[in-house]
1. Here are the criteria: (1) surrounded by 15 or more Cβ atoms within 10 Å (Cβ to Cβ); (2) among the small types (Gly, Ala, Ser); (3) more than 19 Å from the chain's Cα centre (by Cα). Tell me which single one GLY105 does not satisfy.
2. How about segment 45-55: which of its residues are at pLDDT 90 or above and surrounded by 18 or more Cβ atoms within 10 Å (Cβ to Cβ)?
3. Anything in segment 189-227 that is modelled with pLDDT under 85 and assigned to a loop (DSSP other than H, G, I, E, B)? List them, or say none.
4. Applying the selection to segment 56-102, what residues are in contact with a Ser or Thr (Cβ under 7 Å, 6 or more places away or on another chain), part of a loop (DSSP other than H, G, I, E, B) and surrounded by 13 or more Cβ atoms within 10 Å (Cβ to Cβ)?
5. Name the single residue that is nearest to GLY54 (Cα to Cα) among those in segment 113-136 being at pLDDT 80 or above and surrounded by fewer than 20 Cβ atoms within 10 Å (Cβ to Cβ).
6. Working only within segment 51-71, note down all residues that are closer than 12 Å to PHE96 by Cα and of a type in the set (Asp, Glu).
Amino acid sequence: MKKRLIGVLAFALAVSAGAAFVLYQLIASKITVGASTRPPTTKVLVAARDLELGALIQDRDVIPQDYLTVPAGAILKKEDIVGRGVISPVHQDAAFYEASLAPKGAGAGFASTIPQGMRAFAVHVNEVVGVAGFVTPGQRVDVLASGTPPNASQTAQLAAEGTQVRTILQNIEVKSAGVNIQKDAEGKPQQVQVVNLLVTPEQAEMLSLASSNNGVKIQLVLRNPLDTKTDPVQGSAMLNIFDQNAAPVKSTANQTVVSRVRRKPKPKPFSVVVMNGSKQSVEKFPALEENKQ
């Protein structure tokens with residue numbers, strides 16, 4: 001009886017072992033077929049972390065990642081990436097491109113982000129502009145300068161107009177905005193809101209003249225990013241704001257602005273002196289236009 005039971009168990013073990021072997025072969029063959037049909041991939045170098053503007057790329061910042069299709073323009077050599085500065089933020093797992101990196105040997109930092117032929121000019125602004133966050137990197141602004149013209153005292157008309165404002169630059173890109181620590185006249189540190197504008201050398205000279213005059217105040221006016229048109233602006237004067245003879249005109253934006261065209265003054269009545277011997281009298285007459293009415 002025992003021999004018969006042992007024989008049955010042995011036969012069952014042999015059958016199960018054979019079935020397991022056959023199943024293993026089937027699974028292994030499917031895995032091999034699946035591996036052979038998997039599309040080939042290419043190693044592409046990507047950022048291991050978020051890289052901010054002005055950062056210097058180090059060896060640990062670059063890692064390989066499998067891509068089914070290599071992105072057009074991506075840098076594939078590590079030696080072409082490490083040691084270069086970032087001129088456009090690179091996010092984690094994003095590939096590297098020439099447009100995002102400073103030229104070789106340019107180093108890192110803010111200076112490496114300035115395009116060739118351009119200049120970064122620092123403009124001090126008030127807390128409303130700097131802290132409120134209205135002016136941020138990448139935005140477009142107009143630059144206004146307000147003050148009294150140097151020759152105002154020589155001309156009666158300029159002296160009567162008072163403070164004037166002019167739009168000196170239009171559609172200027174904001175490169176950076178933040179806070180600088182400077183010292184006052186007593187040597188104490190103080191926070192100063194600074195906005196760096198991307199300008200040409202000629203525009204930098206104009207800003208330097210405006211900012212070096214203590215009587216001139218520079219103000220930034222935010223633009224719509226899609227509005228890149230520059231229009232000639234005549235400017236305005238303090239007299240145009242407080243002059244009661246300035247006629248209000250509605251613009252296309254349904255806003256009331258002060259016009260430079262003055263209203264025609266009302267005609268004044270006139271008087272005639274009548275001499276009758278030693279007697280003298282004054283006759284007053286209304287204005288001619290009033291008589292027509």
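The values are calculated or read from the model by the stated rules, or taken from the named source; none is laboratory data. Please read all numbers here as calculations on a predicted model, not as lab measurements. Every residue, glycine among them, receives a Cβ derived from its backbone with ideal geometry; neighbour counts consider all protein chains shown.
1. Just one mismatch for GLY105, condition (1).
2. From segment 45-55, those at pLDDT 90 or above are 45-51; that's our starting set.
Passing the criteria: LEU45, VAL46, ALA47, LEU51.
3. Answer for segment 189-227, where residues must be modelled with pLDDT under 85 and assigned to a loop (DSSP other than H, G, I, E, B): ASN213, ASN214, GLY215, VAL216, PRO225.
4. Within segment 56-102, VAL70, ILE87, ALA102 qualify.
5. ILE114
6. Matches in segment 51-71: ASP61 only.
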